[in-house]
1. Kindly list the number of the only condition in (1) among the small types (Gly, Ala, Ser); (2) on the phi < 0 side of the Ramachandran plot; (3) without any contact (Cβ under 8 Å) to a residue 40 or more places away in the chain that fails for Gly251.
2. When you scan segment 10-19, do you find a residue that is free of Cβ contacts under 8 Å to residues at least 40 places away in the same chain and not in a helix (DSSP H, G or I), even just one?
3. Considering Gly104, Gly62, Gly55, Gly41, which residue is of a type outside the set (Ser, Thr, Tyr), at positive phi and touching a strand residue (DSSP E or B) at 6+ places or on another chain (Cβ under 7 Å)?
4. So which helices (runs of 4 or more DSSP H) are wholly in segment 104-204 and hold at least 2 residues that are out of contact with any His (no Cβ under 8 Å at 6 or more places or on another chain) and touching a residue at least 40 places away in the same chain (Cβ under 8 Å)?
5. Are any residues in segment 284-298 surrounded by fewer than 24 Cβ atoms within 10 Å (Cβ to Cβ) and either aromatic (Phe, Trp, Tyr) or in a helix (DSSP H, G or I) (or both), and if so, which ones?
6. State yes or no: is Val72 of a type in the set (A, V, I, L, M) and either more than 17 Å from the chain's Cα centre (by Cα) or under 19 Å from Val253 (Cβ atoms) (or both)?
7. Of all the residues that make up segment 179-215, how many are of a type in the set (Val, Ile, Thr) and surrounded by fewer than 14 Cβ atoms within 10 Å (Cβ to Cβ)?
8. When the residues of segment 75-116 are filtered to those that are charged (D, E, K, R) and surrounded by 14 or more Cβ atoms within 10 Å (Cβ to Cβ), which remaining residue is modelled with the lowest pLDDT?
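The values are calculated or read from the model by the stated rules, or taken from the named source; none is laboratory data. Values in this document were obtained by computation on a predicted structure and should not be read as measured data. Neighbour counts are summed over all protein chains in view; Cβ atoms, including those assigned to glycine, are modelled from backbone coordinates with ideal geometry.
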Amino acid sequence: MGGHDVYLYGQILATRSILLRDGFLKPDEYSEISAQYFLPGGETGTAATVLSSLGVSVRMDGTWIGTEVAPVIKEFYKNKSVDLSSLYFRDDDPGVIDTVVIAGLVRSPMGRFQTLFSSGERWWNIPREEDIIGCRAAGVDPYFFNESLLAAQYCVKHDIPYVTIDCAHDSYLHRNAAVNAISHEFTSIHYPDMTPEQIMAVMTEETDGLTILTQGKDDMLYGRRGNIKRMKTFDTEVRSTLGAGDTFKAGCVYAVMHGMDDDSLVRFASACSAVAISRFPLPLFPPTLPEVLSLISQ
């Protein structure tokens, strides 16, 4: 128990990322690849990478790690402040891998997640209470159903503030989160006929925590019940948006861990994300604390 600042639970995988040189794919046309990598990814994997770069010690758990993914994960994190001891390394499956094609602001992820989730079989760990006790903050992703719920319940039981992403207003994870960071992609699917302001009113009514609505380059909305604010995103040259949301989440976890107020938290998380999208690939060049603080000071 203890020994790490942050506990993260959710999707950990290996990502094949392909950066194109001259715009996004077009049918029947040739595309030149400018760079490609095979590195750790997933919402939790990326957040662990970023938090480690910010000087935080992390224990992460979630997806079972298969034979093709394991060497990538083990090699990448061996000199980083990320504890892999809770992960389950299986020897009967290659593991979860996705492929992402990127060109500037546009990206297209590909994988087999619909097949995996519809299999009816669990391919992730059950969170362990002892991993959560004693940490200063947590990040819990909502995708693993009862197991995600259990991780959040352990956090509540032990008074550990947690950050989550893309949780609906009537969910346990949203109601009890210190922060719920919600993407435009999520709201366009689940709240299609509502304005951002209406969504914020519905979300904040259900929790004492902080709700953040990210909208790409547009202003972020954030706040608590009866007090909604706006903040502009940082101007930055976009190299790749892959991992931007996961980095934003990591920034929120860091800010919660350090007791930042709401304005400072949103600004910090936004700066983390802005640094992240200015480079490729993110796992090899994650934001550092001096870089983030420098951007904020500008």
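1. Just one mismatch for Gly251, condition (3).
2. no
3. Exactly one residue qualifies, and that residue is Gly62.
4. 129-132, 145-157
5. Leu284, Phe285, Leu289, Pro290, Glu291, Leu293, Ser294, Leu295, Ile296, Ser297
6. Spelling it out, Val72 is indeed of a type in the set (A, V, I, L, M) and either more than 17 Å from the chain's Cα centre (by Cα) or under 19 Å from Val253 (Cβ atoms) (or both).
7. The total comes to 2.
8. Among residues in segment 75-116 that are charged (D, E, K, R) and surrounded by 14 or more Cβ atoms within 10 Å (Cβ to Cβ), the one modelled with the lowest pLDDT is Arg107.
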